[in-house]
1. Give me the residue from region 138-167 that is more than 20 Å from VAL103 (Cα to Cα) and of a type in the set (S, T, N, Q) and, out of that set, least open to solvent (accessible area, probe 1.4 Å).
2. Of the residues in region 19-41, how many are in a helix (DSSP H, G or I) and closer than 17 Å to ILE121 by Cβ?
3. Being touching a Lys or Arg at 6+ places or on another chain (Cβ under 9 Å), closer than 22 Å to LYS53 by Cα and of a type in the set (Val, Ile, Thr) is the filter here, so list the residues in region 121-169 that pass it.
4. Confirm whether GLU128 is under 25 Å from MET60 (Cα atoms), within 15 Å of the chain's Cα centre (by Cα), of a type outside the set (S, T, N, Q) and open to solvent by 50 Å² or more (accessible area, probe 1.4 Å).
5. Go through region 1-14 and report how many residues are within 17 Å of PHE58 (Cβ to Cβ) and either open to solvent by 90 Å² or more (accessible area, probe 1.4 Å) or touching a Gly at 6+ places or on another chain (Cβ under 7 Å) (or both).
Amino acid sequence: MKQSDFLKTVMPFKDKVFRVAKRLLVSTEEAEDATQELLFKLWKNKEKLKEYKSIEAFAMTMTKNYCFDRLKSKQASNLTLVHSNYKENGTSLDRRMELNDSVSKVHELIENLPEQQKLIIQLRDIEEYEFDEIAKMLNLKPTAIRVSLSRARKTIREQLLKQHKYGIS
């Protein structure tokens, strides 16, 4: 595989790889490192890529595994939580603060989900993968993906409602 073929194959999903890594690792720097590491591993094994039906699904699986390995490592203790990617212009300051709080709360609730549910939410709701693609990436049945996604969404919904109804009889 030539460099140009490799770039045509891998570059379309590079941003998705980064977003999955960012969701799992939280730190932008760690996600960038994970993306670079994945691209390096793919390049190193570029001749074997023809064997895979979906290189993108393979890359996402590699990303997931790499991120889990990083989180298990001793270096993971210095990863920090930062959410500064939500911006909206033209609204009042108090409304922006309220929206930022809501977005931060949703991110926090997603982070508190079990790892599998967190990953499924990322892949389905943020990356917009189909259930069959997610099933291949995670080695699960599509029905299990749907059930897990439903439970994750229900948990988030209940927690948000609980927070918004706090103090109201």
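1. If we filter region 138-167 for residues that are more than 20 Å from VAL103 (Cα to Cα), which is where we start, we get 138-148, 167.
Still in the running and of a type in the set (S, T, N, Q): 139, 143, 148.
Details: ASN139: 131, THR143: 91, SER148: 14 Å².
Filtering first and then ranking leaves SER148.
2. 8
3. The answer is ILE134, ILE145.
4. The answer is yes for GLU128.
5. Total satisfying the criteria: 2.
The values are calculated or read from the model by the stated rules, or taken from the named source; none is laboratory data. If you're wondering where the values come from, they're calculated on a predicted model, not measured in any experiment. Note that we place each Cβ from the backbone using ideal geometry, even for glycine, and neighbour counts take in every protein chain shown. Areas reflect the complete protein model, heavy atoms only, side chains present, ligands, DNA and RNA absent. Shrake-Rupley method; radii C 1.70, N 1.55, O 1.52, S 1.80 Å.
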